[in-house]
Amino acid sequence: MAEKFLITGATGKTAELVARQLHANGRDVRALVRNEAKASALKQAGITLALGDFNDPASLARALDGVTSVFLVVPPDENDGAMIERFLQAATSSALRPRIVRLSAIKATEGGPSESTRNHGRADRALLESGLPYAILRPNYFMQNFFGSTESILTSGTLVHGMGEGRIGFIDVRDIADVAAAVLLDRSWDRGIYDLTGPASVSFQDVAREFSAALGREVTCVQVTPESVRAALLQKGWGPWGAGLMADYSAAYGKGWGDFTTSFVQKIAGHEARSVAQFAREVFAPALKR
């Protein structure tokens, strides 16, 4: 039987890249999306869309029909654990019982420092107990998250953060997508849990220097407390769960939660992980200079 791939969260940063890579490889790809208009670029690229929602089990069953492998991504949400449980129930009930390649979170554990970490830990355990073939990807802090600092960089030349002197193995989403596509295409990676990072663990001061070089203007770091992060996000209209999540992650990263690197990008994707300097030159600066 020919492989059929289902990509969930397909309009998100990572999943869209994975869908496009598999499609470019000549694979049969279906993208699970909630909003067809938002996914118009995927449809124009020739990728089949399946309209559905993690809160609608019937739509998940339809999306899984004939599917042999899934790239499972859920949006950050206080109910993300329940979403994953519903998806796994649909997958285990599917005739083909597909293989699940899941995008989890850094050091996902039920005893982690944030509700998201704990939700992902519970979801990872549920996947392991489901009996489905699996691989789990646990990436470090996304470099693309720095786009959240665009306004302060452009208006005041500052990179504001609540992570103190913590060093982090920041990873480019492009590398996560490269690894995910490689794992989906090669079942020898099954039954593995892979912690994904960039090539070096660096500080926010290091990031600011790379942004300064790429943008041709000085970017300086401004450190605030995790509680200040929470308050600022609430003021911007974030909900209590999301603002609290970012405050908890800020505290954890400040204490060294993300201070590590691995070689899995090289081993699985076949190329060196992209550095912060590459991200700054190739992605961040061009976007800000438009």
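The values are calculated or read from the model by the stated rules, or taken from the named source; none is laboratory data. Keep in mind the model is a prediction, meaning the values are calculated, not measured. Positions of Cβ are backbone-derived with ideal geometry, glycine not excepted, and every protein chain shown enters the neighbour counts.
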TODO: Return yes when ALA247 is outside the structural domain of ASP77 (by TED's automatic domain parsing), buried (at least 20 other Cβ atoms within 10 Å of the Cβ) and either in a helix (DSSP H, G or I) or free of Cβ contacts under 8 Å to residues at least 12 places away in the same chain (or both) and no when it is not.
DONE: yes
Task: When residues of region 263-290 are limited to those that are modelled with pLDDT of 95 or more and part of a loop (DSSP other than H, G, I, E, B), the one farthest from PHE204 (Cα to Cα) - done: GLY270
- [ ] Report whether or not ARG174 is of a type in the set (Lys, Arg), in a helix (DSSP H, G or I) and either within 16 Å of the chain's Cα centre (by Cα) or under 28 Å from HIS23 (Cα atoms) (or both).
- [x] yes
Task: Some residue of region 58-71 being at pLDDT 95 or above, of a type outside the set (A, V, I, L, M) and in a helix (DSSP H, G or I) - done: yes
Open item on the list: Tally up the residues in region 16-54 that are part of a loop (DSSP other than H, G, I, E, B), over 21 Å from ARG86 (Cβ atoms) and of a type in the set (S, T, N, Q), please.
Closed with: 1
- [ ] Could you tell me which residue of region 72-95 is surrounded by the most Cβ atoms within 10 Å (Cβ to Cβ), considering only residues that are in a loop (DSSP other than H, G, I, E, B) and over 19 Å from the mean Cα position of the chain (by Cα)?
- [x] SER94
Open item on the list: When the residues of region 181-210 are narrowed to those that are surrounded by 24 or more Cβ atoms within 10 Å (Cβ to Cβ) and out of contact with any strand residue (DSSP E or B) (no Cβ under 6 Å at 6 or more places or on another chain), which ends up nearest to GLY164 (Cα to Cα)?
Closed with: VAL207
TODO: Could you tell me which of the residues GLY112, GLY121 is small (Gly, Ala, Ser) and not in a helix (DSSP H, G or I)?
DONE: GLY112
TODO: Consider LEU233 carefully, then state whether it is crowded, with 20+ Cβ neighbours inside 10 Å, under 20 Å from LEU159 (Cα atoms) and among the hydrophobic types (A, V, I, L, M, F, W, C).
DONE: no
Open item on the list: Looking at region 96-116, can you tell me whether even one residue there is within 19 Å of the chain's Cα centre (by Cα), surrounded by 22 or more Cβ atoms within 10 Å (Cβ to Cβ), more than 27 Å from ASP186 (Cβ to Cβ) and touching a residue at least 40 places away in the same chain (Cβ under 8 Å)?
Closed with: yes
- [ ] Taking ALA37 as meeting all but one of (1) on the phi < 0 side of the Ramachandran plot; (2) crowded, with 16+ Cβ neighbours inside 10 Å, write down the number of the exception.
- [x] (2)
